[in-house]
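J.: Take a look at the following structure, please.
The values are calculated or read from the model by the stated rules, or taken from the named source; none is laboratory data. Values in this document were obtained by computation on a predicted structure and should not be read as measured data. So basically every Cβ, Gly included, is an ideal-geometry build from the backbone, and we count neighbours across all protein chains shown. Only protein heavy atoms, including side chains, enter the accessible area calculation; ligands, DNA and RNA are left aside. Shrake-Rupley method; radii C 1.70, N 1.55, O 1.52, S 1.80 Å.
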Amino acid sequence: MTRTVQRLERAGFVRRRPDPNDGRATLVESTPAGMALRGRIEQLWAELEADTVGDMPAAQRRQLLRGLQGLEANLSFATTGDMSP
């Protein structure tokens, strides 16, 4: 995640600043350039959703999501030994 935020920051789409309430935390916020992309990104996500799950019933989507979450947990455990979500 850190690398992704760094790339977005270098591109001018986000900025980081210290959290005024928690010295350990950093806040990431969108810049005007990042906000200008919001509509296009939402459109792309909608297209991806239509292409992948299309008219799949909600119950089947939930079942698929549970299966993918289980797969993620297994892979996480296999690589780190950590079962936390």
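J.: For segment 22-35, which positions are open to solvent by less than 60 Å² (accessible area, probe 1.4 Å) and in contact with a strand residue (DSSP E or B) (Cβ under 7 Å, 6 or more places away or on another chain)?
T.: Within segment 22-35, the first condition is being open to solvent by less than 60 Å² (accessible area, probe 1.4 Å), and the residues that meet it are 22, 25, 27, 29-31, 33-34.
Within segment 22-35, Ala25, Leu27, Glu29, Ser30, Thr31, Gly34 qualify.
J.: Considering segment 2-15 alone, what residues qualify as being closer than 24 Å to Gly39 by Cβ and either in contact with a Phe, Trp or Tyr (Cβ under 7 Å, 6 or more places away or on another chain) or not polar (S, T, N, Q) (or both)? Steps first, please.
T.: So the first thing to find is which residues in segment 2-15 are closer than 24 Å to Gly39 by Cβ, and the list is 4-5, 7-15.
Correct list: Val5, Arg7, Leu8, Glu9, Arg10, Ala11, Gly12, Phe13, Val14, Arg15.
J.: Let me ask another. Which is more than 17 Å from the chain's Cα centre (by Cα) and open to solvent by 90 Å² or more (accessible area, probe 1.4 Å), of Arg61, Arg17, Arg7, Arg38?
T.: Details: Arg61 fails: open to solvent by 90 Å² or more (accessible area, probe 1.4 Å); Arg7 fails: more than 17 Å from the chain's Cα centre (by Cα); Arg38 fails: more than 17 Å from the chain's Cα centre (by Cα).
After ruling out the rest, the residue left standing is Arg17.
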